[in-house]
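The structure under discussion appears below in the form of structure tokens.
The values are calculated or read from the model by the stated rules, or taken from the named source; none is laboratory data. On a predicted model such as this, the values are computed, not experimentally measured, just so you know. A quick note on method: Cβ atoms are made from the backbone with ideal geometry, for glycine too, and the neighbour counts reach across all protein chains shown. Protein only, heavy atoms only, side chains kept; ligands, DNA and RNA dropped before computing areas. Shrake-Rupley method; radii C 1.70, N 1.55, O 1.52, S 1.80 Å.
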Amino acid sequence: MNALDQEQDVVDLAGRLGLAGIPVESIINFCREQIDAWVATAGGVESIAELEQLVASRLNLVFEEIWGDTDLAALKRKYVQRGEIVFLHIIENDLTPETFGTMVRLKDGTHVALIDCRGDKAARRFFTRWHEIAHLLVEPTCERQVFRSNNEPLERLMDQIAGRVGFYDSLFTPLLTRHVPNGNLLTFENVEAVRQSFCPHASFQSSLFACQRRMGTPLLYLEACLAFSEGERRGLKQKRMFEVDAPEKKLRVQLTVQNDVASEMKLTARWNMRVPDSSIVFAAFQQQLEDCSGNENLNSWTFSKGGSLMDCNVFIQARRVDQIVMATIQPLS
């Protein structure tokens, strides 16, 4: 069961939609079934761009992308001249540094989603568009919605919906099968090939997750960065007289994502455990490598209080991106 299934906001949303069963999966299926019905009525779609256009039309949704401050100024003028005074306040109230998109409902019922593509936010352009679609799939009369980087349950749910319906199965799965035949390991090169074929605007990470979910073999995604241990963090909360007392950060696991097959075989790593110096993940970080891969056994990943990860020979591919290492871990048959 998904941790979000326990969140009251998610449970309440499933109730308002009249859905039974596990909340998150029921809501995702509800969204997928709507889109499937629209696609069937349209006689099918050939590309993700065509699908997005179809869905946006059904939802009475218009996208406006902001690539610079001049774009924003022009959009404000455009809509204010139409009498949509709400656009006067968008930059001050909505488009903050941590905001990726905002959506408003016009007087005629049309929804306008402003997608912030300035700077690093451009990498999330594809995902932000589908995040806004997700909101309207579950709340078609939504008046105002701001997509910020936060941990609120409903925003996390919209991310999950976007990740499922945005990588539409009948379009995405055939590409994955073509580039990664059954039984083959998933590599970063495979992911990039699928991404380019499906939608070059989609981010590498979201494309990787879409591939991971559909793999019939176990795959663990992992991110690590420099961090303190639990004990060190507690110590840092106390006042120290000398700077030399400060501990040194070590490379530690900060995020793990399993596909269903990995979850079944309990292929995982504990949050904040130290990455061993002998690991490919450590080498990628230490040497700032964009591609570092090879085989190792997970029992070399040990815990400070004794014990280790499972005795399993795995293929690991790792890549350093800024101060984070992203890695895929797949058992070898």
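Mind listing whichever residues of segment 42-78 are farther than 22 Å from PHE127 by Cβ and of a type outside the set (A, V, I, L, M, F, W, C)? If the condition is that a residue be farther than 22 Å from PHE127 by Cβ and of a type outside the set (A, V, I, L, M, F, W, C), then GLY43, GLY44, ASP69, THR70, LYS76, ARG77, LYS78 are the ones that fit. State yes or no: is ASP5 farther than 28 Å from ALA123 by Cα and in contact (Cβ under 8 Å) with a residue 60 or more places away in the chain? So ASP5 does not fit the description; no. The number of residues in segment 304-321 being closer than 25 Å to GLU230 by Cβ, hydrophobic (A, V, I, L, M, F, W, C) and open to solvent by 40 Å² or more (accessible area, probe 1.4 Å) comes to 1. Here GLY21 fulfils each of the conditions (1) under 30 Å from PHE198 (Cα atoms); (2) free of Cβ contacts under 8 Å to residues at least 24 places away in the same chain; (3) open to solvent by 60 Å² or more (accessible area, probe 1.4 Å) apart from (1).
Just checking, does segment 34-41 include any residue being open to solvent by less than 70 Å² (accessible area, probe 1.4 Å), touching a residue at least 24 places away in the same chain (Cβ under 8 Å), part of a helix (DSSP H, G or I) and among the acidic types (Asp, Glu)? There is no residue in segment 34-41 that is open to solvent by less than 70 Å² (accessible area, probe 1.4 Å), touching a residue at least 24 places away in the same chain (Cβ under 8 Å), part of a helix (DSSP H, G or I) and among the acidic types (Asp, Glu). For segment 266-279, the condition of being charged (D, E, K, R), assigned to a helix (DSSP H, G or I) and open to solvent by 60 Å² or more (accessible area, probe 1.4 Å) holds for none of the residues.
Scanning segment 292-333 for residues that are farther than 17 Å from SER278 by Cβ and β-branched (Val, Ile, Thr) yields VAL321, ILE324, THR328. Note on segment 182-191: residues that are open to solvent by 60 Å² or more (accessible area, probe 1.4 Å) and free of Cβ contacts under 8 Å to residues at least 24 places away in the same chain total 2. Taking segment 70-82 as the range and being in contact with a helix residue (DSSP H, G or I) (Cβ under 9 Å, 6 or more places away or on another chain) and open to solvent by 30 Å² or more (accessible area, probe 1.4 Å) as the test, the residues that pass are ALA73, LYS76, ARG77, LYS78, VAL80.
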